Amino acid sequence: MAKPYLKLGEILLKEGLLTPAELAKAVEAQKKIPGGFLGEVLVKSGIISEEDIVKTLSKQLGIPCATKESGLLGSSPELSLAKLIPEEFAHKHRVLPLSRHANTLTVAFADPTDLVLIDNLRKMSGCHIRRVIATMKDIDEGLTKLYGEGGMLKTAIEASYTAAGEDFEDAKAEERLSLDIVEKAAEAPVIQLADLLIRQAIKTRASDIHIEPKPDTFTIRFRIDGVLHEISPPSRPMYLPLISRLKILSKMDIAEKRLPQDGTFNASIENRLIDFRVSTIPTIYGEKMVLRILDRSAVPLNLESLGFEPAQLEIYRNIIHKPYGMILITGPTGSGKTTTLYAALNELNTLDKNIITIEDPVEYKMPGVNQVQAKPAIGLDFSHGLRAFLRQDPDIILVGETRDAETAQICIRAALTGHLVFSTLHTNDAPSSINRLIDIGVEPFLVSSSLLLIMAQRLVRRLCPKCKESYKPNPNHFPKRLVWNKETLYRAKGCEECAKTGYLGRTSIHEMMVINERLQELITQKASTTLIRMEARKAGLSSLEENGYQKVLAGITSLDEVTRVTLAEE
């Protein structure tokens, strides 16, 4: 007698892995995500691990687990299987065809209890469906191998050359057809191309998409783990319709090509709400567009995940719990300053504190925090916002960036009058931030009495754990201050998991300068950056390079990566 089909939630309840209350909460959360999987909601909420779900379903339903160890997930899938199930359908429903014998198709499911999906696959493939279960990660990896990295995007790009040949004679014709651009932007090929471009960027963990016009073509590049990677671009005549499509989404003026523009839009992709910050500038060959991808679910909001060494984490945590004073995070654009500040606010965000921020733009929304978007065009800049904040009885204030003397002076005065103030500054290292504040017009005695901590930060790529290889380095490449205690280090190699780059994800390196009494004296005396750095080193300052090399010794990153990101000291 066949076993009765049970839903995933019922099976997990039966096994005692869920309580009715937890299941009800997960089901409500699933309803808010169109096409979302109950198992994915349960895993993301931390109620149950995906491995437990797979083992339980395998036991209860009497179907095999598809793993690399079991041999069901082969390293080289049969390419003929890709013709049985369309790629878009396979990605959407998380199903992976594994093998076909006679008229039976073996398929790995993330949720093998979905009877409607099983029936659709049967009709689609014309085969009987043999179910196996696999983790969503293994299914996603298998789909990438089966259909190829960026398969749908590649197909759309190849199709763009044929479509463009019918609509445009040459690159100059684009300008003559400017009246038709809005219509072109609304056509299916352009909409599909824009959609797949965005989806592929998110799939490859890109933080930015760059679309850059050239004389006879245009390039598209993804910034992945801080480094730009070029992908094959569509035909040149697709450039204007693609730019216009993205402008329409971002609520920009399509007709304006002479001035820079900014816009935003958001989309639900793979059950995640993604924000896009869009910017254009006019170049001599046309408009260059950059899309910044802001994935709220990917932001680490706990301090432990930011890459601090244990001693650094203790210092940072102690200082952010001070009742008043100013904390500065320094570094170039894209060095993770905002994430570090958000993680601190997340720890301090309690009902007994009034936290207000002014940012340009507000990158991530934080419940319980009063966030204000700066709008200089109507007079709401950082300094005006700060003045209003001081009448709102704040405990903690975050200022997106200290850009001018007025903003800096208000921040410092707020720090001196019982408020904890967080802000960022664009300097190369922590000691040089002191003279930067003095140079923009802040009195030295105000700087010395208000500052608690200045922390410089950079992001370095993590070595891929699956393919990193060991080697014997040359000790002369290390700074003299670093104690050499490793015979072997690791370097990047490249595999399918990391898209052949050798790196997967990023972590941060820090240079922390705690303001003590001696440093306060030097600041008041307008001492040089060199003297301030020397005194800070006596008090335990570890440079960015040294912190980076600690991560090299720990096997987290490579020597080449630290050298690329930092300016090695002589």
Among the residues of the stretch 55-80 satisfying the criterion of being in contact with a Pro (Cβ under 9 Å, 6 or more places away or on another chain) and at pLDDT 75 or above, which is farthest from residue 14 (Cα to Cα)? 63
Of the criteria (1) in a loop (DSSP other than H, G, I, E, B); (2) under 27 Å from residue 261 (Cα atoms); (3) open to solvent by 20 Å² or more (accessible area, probe 1.4 Å), which one residue 301 fails: (2)
Being acidic (Asp, Glu) and within 25 Å of residue 305 (Cβ to Cβ) narrows it down to one residue among 406, 363; which is it? 363
Please go through the stretch 423-470 and pick out each residue that is β-branched (Val, Ile, Thr) and under 17 Å from residue 566 (Cα atoms). 427, 460
Answer with yes or no whether residue 83 is surrounded by fewer than 17 Cβ atoms within 10 Å (Cβ to Cβ), under 18 Å from residue 113 (Cα atoms), at pLDDT 70 or above and not aliphatic (A, V, I, L, M). no
Residues in the stretch 333-349 that are of a type outside the set (Gly, Ala, Ser), in a loop (DSSP other than H, G, I, E, B) and open to solvent by less than 60 Å² (accessible area, probe 1.4 Å): how many? 1
If I filter the stretch 256-287 down to residues being open to solvent by 50 Å² or more (accessible area, probe 1.4 Å), assigned to a loop (DSSP other than H, G, I, E, B) and modelled with pLDDT of 85 or more, which single residue comes out as nearest to residue 211 (Cα to Cα)? 285
Any hit, the stretch 28-36, residues being at pLDDT 75 or above and over 15 Å from residue 113 (Cα atoms): yes
Test: residue 371 is open to solvent by 30 Å² or more (accessible area, probe 1.4 Å) and either under 30 Å from residue 498 (Cβ atoms) or without any contact (Cβ under 8 Å) to a residue 24 or more places away in the chain (or both): yes
Lone qualifier among 4, 20 - being modelled with pLDDT of 70 or more and open to solvent by 90 Å² or more (accessible area, probe 1.4 Å): 20
Does residue 14 satisfy being farther than 20 Å from residue 129 by Cβ, among the charged types (D, E, K, R), at pLDDT 70 or above and in contact with a Cys (Cβ under 8 Å, 6 or more places away or on another chain)? no
Quick check, is residue 113 over 22 Å from residue 193 (Cα atoms), assigned to a loop (DSSP other than H, G, I, E, B) and either at pLDDT below 85 or of a type in the set (S, T, N, Q) (or both)? yes
Scan the stretch 203-221 and give yes if some residue there is modelled with pLDDT of 75 or more, on the phi > 0 side of the Ramachandran plot and either among the small types (Gly, Ala, Ser) or open to solvent by 70 Å² or more (accessible area, probe 1.4 Å) (or both), otherwise no. yes
Looking at (1) in a loop (DSSP other than H, G, I, E, B); (2) surrounded by fewer than 19 Cβ atoms within 10 Å (Cβ to Cβ); (3) touching a helix residue (DSSP H, G or I) at 6+ places or on another chain (Cβ under 7 Å), which one does residue 402 not meet, given that it meets all the others? (2)
Selection within the stretch 306-332 - among the acidic types (Asp, Glu) and open to solvent by 60 Å² or more (accessible area, probe 1.4 Å): 314
Unique residue being touching a residue at least 12 places away in the same chain (Cβ under 8 Å), in contact with a strand residue (DSSP E or B) (Cβ under 8 Å, 6 or more places away or on another chain) and in a helix (DSSP H, G or I) when the list is 415, 456, 430, 408: 415
List pairs: first in the stretch 327-348 and within 20 Å of residue 451 (Cβ to Cβ) and of a type in the set (Gly, Ala, Ser), second open to solvent by less than 10 Å² (accessible area, probe 1.4 Å) and part of a helix (DSSP H, G or I), Cβ under 6 Å, 6+ apart or cross-chain? 344/320
Please work out if residue 441 is buried (at least 17 other Cβ atoms within 10 Å of the Cβ), more than 30 Å from residue 547 (Cβ to Cβ), among the small types (Gly, Ala, Ser) and in contact (Cβ under 8 Å) with a residue 24 or more places away in the chain. no
Using beta carbons and a limit of 8 Å, which pairs, at least six apart or on different chains, have the first residue in the stretch 72-91 and over 17 Å from residue 102 (Cα atoms) and in a helix (DSSP H, G or I) and the second one open to solvent by 50 Å² or more (accessible area, probe 1.4 Å) and modelled with pLDDT of 65 or more? 89/124
Do we have any residue at all in the stretch 125-147 that's assigned to a helix (DSSP H, G or I), open to solvent by 40 Å² or more (accessible area, probe 1.4 Å), over 27 Å from residue 251 (Cα atoms) and at pLDDT below 50? no
Of the residues that make up the stretch 459-471, is at least one modelled with pLDDT under 90, over 29 Å from the mean Cα position of the chain (by Cα), open to solvent by 10 Å² or more (accessible area, probe 1.4 Å) and more than 28 Å from residue 361 (Cβ to Cβ)? yes
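The values are calculated or read from the model by the stated rules, or taken from the named source; none is laboratory data. Computed from a predicted model, the values in this text were never measured in an experiment. Glycine gets a Cβ as well: all are built from the backbone with ideal geometry, and neighbour counts include every protein chain shown. Protein only, heavy atoms only, side chains kept; ligands, DNA and RNA dropped before computing areas. Shrake-Rupley method; radii C 1.70, N 1.55, O 1.52, S 1.80 Å.
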